[in-house]
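Inspection log for the structure reproduced underneath, given as structure tokens.
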Amino acid sequence: MALTYYVDGAAGNDNNSGSSEGAAKVSGVGAATDGVTGDIDLTADTPDLNAVVVGDTLRLNGRADGINSTDLFEITDVDDDNDIVTVTPIPGTLTSGVTWAIGGAFATITRGMAPAADDDVINVKNSAEYEETLALPRLSSTVIQLRGYESTPGDTGMAVVRAPAVDSNVITCSVGGLHNWFIENLWIRGASGSTTGSATHPGNADGLIFRHCRASGHGGNGFWVDDYCRLIQCHAHDNGGMGFSADTDGSFHSCVSVDNDGDGFRTQTGTFEQCVSARNGGDGIDHWSTSGMPLVAHCTIDSCDVGIRLGNDALAPPVVVNCIVSNCTTGIIGPANYPARVSEHNCVYGNDTDYTDFSTPIGEVTSDPLYVDPNNNDWSLRDTSEAAFGGVGVDSAPGSGPFRAQSPAIGALPPVASPRGALLPPLYPWYIP
């Protein structure tokens, strides 16, 4: 069965078994195993097992034949009268006098990740700042969920994880393949003085989904992934490199990238939908590949070098619909070798040069988009903005098309256009496990 683990940096202990919040439910020093069955005899400690339930985990000190070669075992039966719990996998040797614990949160995220397998959940409480490198230990054929929370698992609070050394990367992947890790509600912060570290780092960073996460203060990039990754309602700001970067394929939905020294978003091929990229030192959106079809819809790009840069495409035309590009050196640079494109209802305003090898032949808006308060990170539109009613309706089914827009407005829609505010509730529930 799927298991849930809990991490609490303030009240947890890595000698707990992780299957409940707070302190261990019960513990002792006299566990005995017979090496043949999964029955664990706890009578030496005369414990009260009334609070223990099937699905809890038992920690047996010093063992490494438990769940995913850890010292943890899943409890499948509880006999409170005889002080026996039955576990899986079966401990393979005869032992006695073993220190043990049932329940209680771990103190570190790394400890919570170690046993996690398909369909398991790791809940991380925002009770302390975690200074760790989170090396994802394995792939999942379904999904493994790593979720921060404030006070109650499932709430929208962010747990804070900081790089443990000046130029450390925080989330790393050493195992090749599609990871299928779903990471939610983490604020991933760089260490003070960082010049190269990133929140996530490529090199097998494939098949990751981030939702409602934040990356800031890294000397390198914010979110930096490889292939088949999706980022939803994430926020990258004040990083020394790019805000978001996918070395191969990436999809970005309702994400915000502001005040980074490099590009706001960069990928070889991918989708950008309902995103804001502003005040970045490089391009707002850089689709640099010569292959793949870039799709940019309902995005707002303000005060970057090039607003949208589209690589020469030999497979399919780029699609740029319902976007605002304002106050950039160059608004949109198109693929010179592929003049065909789908370009409708874009607002270009205040750029030194609006287009190079590109145009918006249908529904172009050239007036001031009238942002509410961009100096305070609010790129939503005033009611008097022509762009607020100048878009075209776009709708594509989840799974077959990468975006769903249900408003005639051009640009990113609130609350995405106001990134300092809450980005929840989710706009894209079909991406959530």
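The values are calculated or read from the model by the stated rules, or taken from the named source; none is laboratory data. No experiment lies behind these values; they were computed from the predicted model shown. For neighbour counting, all protein chains shown are included, and Cβ atoms are generated from backbone atoms with ideal geometry for every residue, glycine included.
Do you know which of the residues in the stretch 276-311 that are touching a Phe, Trp or Tyr at 6+ places or on another chain (Cβ under 6 Å) and more than 18 Å from Pro374 (Cα to Cα) is modelled with the lowest pLDDT?
Gly311
Go through the stretch 222-254 and give me each residue that's more than 21 Å from Asp305 (Cα to Cα) and part of a strand (DSSP E or B). Quick ask: steps written out before the conclusion?
In the first step, residues of the stretch 222-254 are kept if they are more than 21 Å from Asp305 (Cα to Cα); the result is 225-234, 248-251, 253-254.
Result: Val225, Cys229, Arg230, Leu231, Ile232, Thr248, Asp249, Gly250, Ser251, His253.
Looking at (1) free of Cβ contacts under 8 Å to residues at least 24 places away in the same chain; (2) over 30 Å from Asp118 (Cα atoms); (3) outside any loop (DSSP other than H, G, I, E, B), find the lone condition where Ser257 falls short.
(1)
Kindly indicate whether Ile144 is modelled with pLDDT of 95 or more, crowded, with 23+ Cβ neighbours inside 10 Å and under 17 Å from the mean Cα position of the chain (by Cα). Write out each step before concluding.
On the way: modelled with pLDDT of 95 or more: yes; crowded, with 23+ Cβ neighbours inside 10 Å: yes; under 17 Å from the mean Cα position of the chain (by Cα): yes.
Yes; evaluated as a whole, the condition is true for this residue.
In the stretch 264-311, what residues are under 12 Å from Cys323 (Cα atoms) and charged (D, E, K, R)?
Scanning the stretch 264-311 gives Glu273, Asp302.
Kindly establish whether Val161 is among the β-branched types (Val, Ile, Thr), touching a helix residue (DSSP H, G or I) at 6+ places or on another chain (Cβ under 9 Å) and buried (at least 22 other Cβ atoms within 10 Å of the Cβ). Spell out how you get there, then give the answer.
Numbers: among the β-branched types (Val, Ile, Thr): yes; touching a helix residue (DSSP H, G or I) at 6+ places or on another chain (Cβ under 9 Å): yes; buried (at least 22 other Cβ atoms within 10 Å of the Cβ): yes.
Judged against the criteria, Val161 is a match.
Residues of the stretch 35-52 being closer than 12 Å to Val87 by Cβ and touching a residue at least 60 places away in the same chain (Cβ under 8 Å), which ones? Show your work before the answer.
Residues of the stretch 35-52 that are closer than 12 Å to Val87 by Cβ, as a first pass: 37-42, 52.
Listed by number, the list holds a single entry, Ile40.
Only one of these is in contact with a Lys or Arg (Cβ under 6 Å, 6 or more places away or on another chain) and of a type outside the set (D, E, K, R): Asn346, Asn377, Asn327, Asn322. Name it.
Asn377
Which numbered condition trips up Met113, out of (1) free of Cβ contacts under 8 Å to residues at least 40 places away in the same chain; (2) surrounded by fewer than 19 Cβ atoms within 10 Å (Cβ to Cβ)?
(2)
Go through the stretch 258-277 and give me each residue that's within 21 Å of Ala205 (Cβ to Cβ), crowded, with 24+ Cβ neighbours inside 10 Å and of a type in the set (Val, Ile, Thr).
If the condition is that a residue be within 21 Å of Ala205 (Cβ to Cβ), crowded, with 24+ Cβ neighbours inside 10 Å and of a type in the set (Val, Ile, Thr), then Thr267 is the only one that fits.
Identify the residue in the stretch 35-54 that is out of contact with any Asp or Glu (no Cβ under 8 Å at 6 or more places or on another chain) and not in a loop (DSSP other than H, G, I, E, B) and, among all such residues, is surrounded by the fewest Cβ atoms within 10 Å (Cβ to Cβ). Before you say what the answer is, go through the steps one by one.
Going through the stretch 35-54, the residues out of contact with any Asp or Glu (no Cβ under 8 Å at 6 or more places or on another chain) turn out to be 35-40, 44, 51, 53.
This time we only want the ones that are not in a loop (DSSP other than H, G, I, E, B), so: 39-40, 44.
Details: Asp39: 17, Ile40: 24, Ala44: 15.
Here the residue is Ala44.
What are the residues in the stretch 209-218 that are crowded, with 24+ Cβ neighbours inside 10 Å and small (Gly, Ala, Ser), if any?
If the condition is that a residue be crowded, with 24+ Cβ neighbours inside 10 Å and small (Gly, Ala, Ser), then Ala215 is the only one that fits.
At least 2 residues that are in contact with a strand residue (DSSP E or B) (Cβ under 7 Å, 6 or more places away or on another chain) and polar (S, T, N, Q) in each: list the strands (runs of 3 or more DSSP E) lying fully within the stretch 78-192 that qualify. Quick ask: steps written out before the conclusion?
Details: elements: 84-88, 94-102, 121-125, 134-136, 144-149, 159-162, 171-173, 178-184, 186-189.
Once the strands (runs of 3 or more DSSP E) in the stretch 78-192 are filtered for at least 2 residues that are in contact with a strand residue (DSSP E or B) (Cβ under 7 Å, 6 or more places away or on another chain) and polar (S, T, N, Q), what remains is 84-88, 94-102.
Could you grab me the full set of residues in the stretch 380-393 that are touching a strand residue (DSSP E or B) at 6+ places or on another chain (Cβ under 8 Å), more than 14 Å from Ala417 (Cβ to Cβ) and not in a loop (DSSP other than H, G, I, E, B)?
Glu386
Would you mind finding the one in Asp247, Asp206 that is surrounded by fewer than 23 Cβ atoms within 10 Å (Cβ to Cβ) and touching a Pro at 6+ places or on another chain (Cβ under 6 Å)?
Working: Asp206 fails: touching a Pro at 6+ places or on another chain (Cβ under 6 Å).
Criteria check complete, one pass: Asp247.
For Val256, state whether it is within 16 Å of the chain's Cα centre (by Cα) and among the hydrophobic types (A, V, I, L, M, F, W, C). Break it down into steps so the answer makes sense when it comes.
On the way: within 16 Å of the chain's Cα centre (by Cα): yes; among the hydrophobic types (A, V, I, L, M, F, W, C): yes.
Considered against the rule, which asks whether it is within 16 Å of the chain's Cα centre (by Cα) and among the hydrophobic types (A, V, I, L, M, F, W, C), Val256 comes out as yes.
Cβ-Cβ distance below 9 Å, separation of 6 or more or different chains: which pairs start in the stretch 275-287 with a residue that is in contact (Cβ under 8 Å) with a residue 60 or more places away in the chain and end on one that is in a strand (DSSP E or B) and of a type in the set (D, E, K, R)?
Here the result reads Val276/Asp302; Ala278/Asp302, each pair linking the stretch 275-287 to a residue that is in a strand (DSSP E or B) and of a type in the set (D, E, K, R).
Out of curiosity, is Arg59 over 14 Å from Ser27 (Cα atoms) and touching a residue at least 24 places away in the same chain (Cβ under 8 Å)? Please lay out each step first, then the result.
Numbers: over 14 Å from Ser27 (Cα atoms): no; touching a residue at least 24 places away in the same chain (Cβ under 8 Å): yes.
Answer is no for this residue.
If I ask for residues that are closer than 22 Å to Val416 by Cβ and crowded, with 24+ Cβ neighbours inside 10 Å, which ones from the stretch 186-203 would you list?
Listed by number, the residues that qualify are Leu186, Ile188, Ala199, Thr200.
Do you know which residues across the stretch 131-157 are in contact (Cβ under 8 Å) with a residue 40 or more places away in the chain and in contact with a Gly (Cβ under 7 Å, 6 or more places away or on another chain)?
Within the stretch 131-157, just Leu139 meets the criteria.
Out of the strands (runs of 3 or more DSSP E) lying entirely within the stretch 305-379, which hold 3 or more residues that are under 17 Å from Arg266 (Cα atoms), within 30 Å of the chain's Cα centre (by Cα) and aliphatic (A, V, I, L, M)?
Numbers: elements: 306-310, 319-321, 324-326, 330-333, 342-344, 347-349, 353-356, 371-373.
Ranges flagged: 306-310.
Which members of the stretch 62-77 meet the condition of being of a type in the set (Asp, Glu) and either in contact (Cβ under 8 Å) with a residue 60 or more places away in the chain or part of a strand (DSSP E or B) (or both)? If you could, list the steps in order and put the result at the bottom.
Step one: of the stretch 62-77, the residues of a type in the set (Asp, Glu) are 65, 71, 74, 77.
Correct list: Glu74, Asp77.
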